[in-house]
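The values are calculated or read from the model by the stated rules, or taken from the named source; none is laboratory data. These figures come from a predicted structure and were not determined experimentally. Cβ sites come from the backbone with ideal geometry, for glycine too, and all protein chains shown count toward neighbours.
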Amino acid sequence: MLIENKSQPRLSRKTGIRANLGVVTDISIPADQLGDLVAVLDLVRSGTARTRPDLGRRSGLGRTVITQRVGHLMRAGLIEDGELGMSSGGRAPRELRFRSEAGVVLAAELGATSISAGVTDLAGRLLAHREEVADIAQGPEPVLARVRAMLDGLLAEVNGAPVWGIGVGLPGPVEFATGRPSAPPIMPGWDGYPVRDHLSAHYDAPTWVDNEVNTMTLGEYRNGAAQGVRDYLYVKIGTGIGAGLISGGRLHRGSQGCAGDIGHTAARADSSVVCRCGNTGCLEALAGGAALARDGAAAARDGSSPVLAERLAQRGQVDAADVAWAAQKGDRVAVELLVRAGRLIGEQLAMLISFFNPSLLLIGGGVAGAGDQLMATIREAIYRRSLPLATRDLRITGSSLGARAGVVGSAFMVLDELFAPDRLSRWLDLGSPAGHPQLADAVA
């Protein structure tokens, strides 16, 4: 996104890294120059402009300013000259390239029952990826030790570039400004835990932490099915249920970072089912993956579902995937469970769609991929309960990135933060944010 070159006061020369941590950055970039630098860098990073003449046409900046800003970014090690470009009649211009290999970003998405970890370059391209089964309820110390081990192993597989930042998605509410979970219902022992500090200390790099659904939303927006869609809704249906929102091309977190936590909205006022948050009748408690597993196991035990009873005898448990499998086998009870869950989810989403009016609804998560029955019921409920104008041009489809969405989004979260104007000014002349974990502190 281009930054308008408006007259602004000069930045303070003694701001940036906190002095009480022993590092003070001498910033001497005036605000108008910073805006031009960000505009030029964004155009080169995105591939929108590949040559100096392209930069002038795209940004509206003069040749002298372009030369100065390109030189500044080259000295900082962010861009370099590449191959000769196409000639339009005169001498062929030299192309510019963003040095995406100058550093790497570590990314992890923690679900209720799994960890997905990856390493990307500075363009967000996934260089290495791994997914493992895990239990978030084990607590922060053992789970984060597992995350570190996975990331360390992935780092060993790539080119040894310095770590510029770490991004993490967690399966619960996160106060984005501090990177701490806030009373997460399915994460015992995590409330207020300093996840950011834990990983920053290990890797000596800035760390950002968000709700996992926000990272999935961002992943699809930046590198998946929602690219170019300025107003879209992402819904994850897994063990729990959550939503993420891109509004006007920006991720909407809300004032404290808990926007989109629809799993704990009341789906049934008359329900006696107690949710893990302590309330009754929550959408997650009635229609999430854990709810399907609970109700499927009950049907297996009381004999109302012979197919699930056989599954229980074979495996000793029933999960949401078993319910979907039984429904595909034609089991009446399993079909009813999926239809009920899809209807409850669809009715809640219909309210969001009428309120927000997105042009795209993406549905992801393990349960969302369990079969056509659930998706079909969700679609039917949305179209039945939403305003006709709100659904006239609405597309409803599944996630294109699947299990990689959270990892990709976590990486882009870090890149967006590092290259934001106020934060870029704090490390640009240092050459790299590596070794400066304090950069993740909120910009005053």
Practice item. Considering each of ARG94, ARG75 in turn, give the residue that is out of contact with any helix residue (DSSP H, G or I) (no Cβ under 6 Å at 6 or more places or on another chain), surrounded by 13 or more Cβ atoms within 10 Å (Cβ to Cβ) and at negative phi. Key: ARG94
Exercise for review: Answer yes or no as to whether ALA225 is in a loop (DSSP other than H, G, I, E, B) and in contact with a Ser or Thr (Cβ under 6 Å, 6 or more places away or on another chain).
Suggested key: yes
Check your understanding: What residue, among those in the stretch 369-400 that are crowded, with 22+ Cβ neighbours inside 10 Å and in contact (Cβ under 8 Å) with a residue 40 or more places away in the chain, is nearest to THR215 (Cα to Cα)?
Key -> SER399
Exercise for review: Those residues that are of a type in the set (A, V, I, L, M), surrounded by 14 or more Cβ atoms within 10 Å (Cβ to Cβ) and assigned to a helix (DSSP H, G or I), I need them from the stretch 114-155; list them, please.
Suggested key: ILE136, VAL143, LEU144, VAL147, MET150, LEU151, LEU154, LEU155
Check your understanding: Applying the selection to the stretch 270-319, what residues are within 15 Å of ALA341 (Cα to Cα), surrounded by 24 or more Cβ atoms within 10 Å (Cβ to Cβ) and in contact with a Gly (Cβ under 7 Å, 6 or more places away or on another chain)?
Key -> CYS282, LEU283, GLU284, GLY288, GLY289
**Study point:** So LEU61, is it outside the structural domain of LEU418 (by TED's automatic domain parsing) and modelled with pLDDT of 95 or more
**Key:** no
Check your understanding: What are the residues in the stretch 160-212 that are more than 29 Å from GLY278 (Cβ to Cβ), more than 18 Å from the chain's Cα centre (by Cα) and among the β-branched types (Val, Ile, Thr), if any?
Key -> VAL163
Revision key, fill the gap. The residue from VAL213, VAL235, VAL209 that alone is closer than 30 Å to LEU430 by Cβ, crowded, with 19+ Cβ neighbours inside 10 Å, modelled with pLDDT of 95 or more and among the aliphatic types (A, V, I, L, M) is VAL209
Point to revise | Spans of helices (runs of 4 or more DSSP H) in the stretch 253-356 with at least 1 residues farther than 29 Å from TYR232 by Cβ and modelled with pLDDT of 95 or more | key: 289-302, 306-315, 332-356
Practice item. Give just the number: which of (1) within 25 Å of ASP441 (Cα to Cα); (2) surrounded by fewer than 19 Cβ atoms within 10 Å (Cβ to Cβ) does VAL158 not satisfy? Key: (1)
Review point. What residue, of THR391, THR397, is touching a helix residue (DSSP H, G or I) at 6+ places or on another chain (Cβ under 7 Å), more than 20 Å from VAL40 (Cα to Cα) and β-branched (Val, Ile, Thr)?
Key: THR391
Review point. Only one residue in ALA259, ALA267, ALA243 is free of Cβ contacts under 8 Å to residues at least 24 places away in the same chain and either closer than 17 Å to GLN348 by Cα or in the same structural domain as GLU347 (by TED's automatic domain parsing) (or both). Which one?
Key: ALA259
Point to revise | Failed condition for SER425, given (1) within 19 Å of ILE237 (Cβ to Cβ); (2) hydroxyl-bearing (Ser, Thr, Tyr); (3) not in a loop (DSSP other than H, G, I, E, B) | key: (1)
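Listed here are the residues, each with its yes/no results for (1) in contact (Cβ under 8 Å) with a residue 60 or more places away in the chain; (2) within 23 Å of ILE186 (Cα to Cα); (3) in contact with a helix residue (DSSP H, G or I) (Cβ under 6 Å, 6 or more places away or on another chain).
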| residue | (1), (2), (3) |
| --- | --- |
| SER304 | no, no, yes |
| ALA313 | no, no, no |
| VAL323 | no, yes, yes |
| ALA327 | no, no, yes |
| GLY330 | no, no, no |
| VAL333 | no, no, yes |
| LEU338 | no, yes, yes |
| ALA341 | no, yes, yes |
Practice item. Evaluate the following for ARG57: is it free of Cβ contacts under 8 Å to residues at least 40 places away in the same chain and closer than 16 Å to TRP427 by Cβ? Key: no
Check your understanding: What's the number of the condition TRP190 fails, among (1) over 30 Å from GLY160 (Cα atoms); (2) surrounded by fewer than 21 Cβ atoms within 10 Å (Cβ to Cβ)?
Key -> (2)
**Study point:** Where SER247 falls short, out of the listed (1) surrounded by 20 or more Cβ atoms within 10 Å (Cβ to Cβ); (2) touching a Lys or Arg at 6+ places or on another chain (Cβ under 9 Å)
**Key:** (1)
Study note, to complete from the structure: All conditions in (1) free of Cβ contacts under 8 Å to residues at least 40 places away in the same chain; (2) within 21 Å of TRP427 (Cβ to Cβ); (3) part of a helix (DSSP H, G or I) are true of LEU41 except (1)
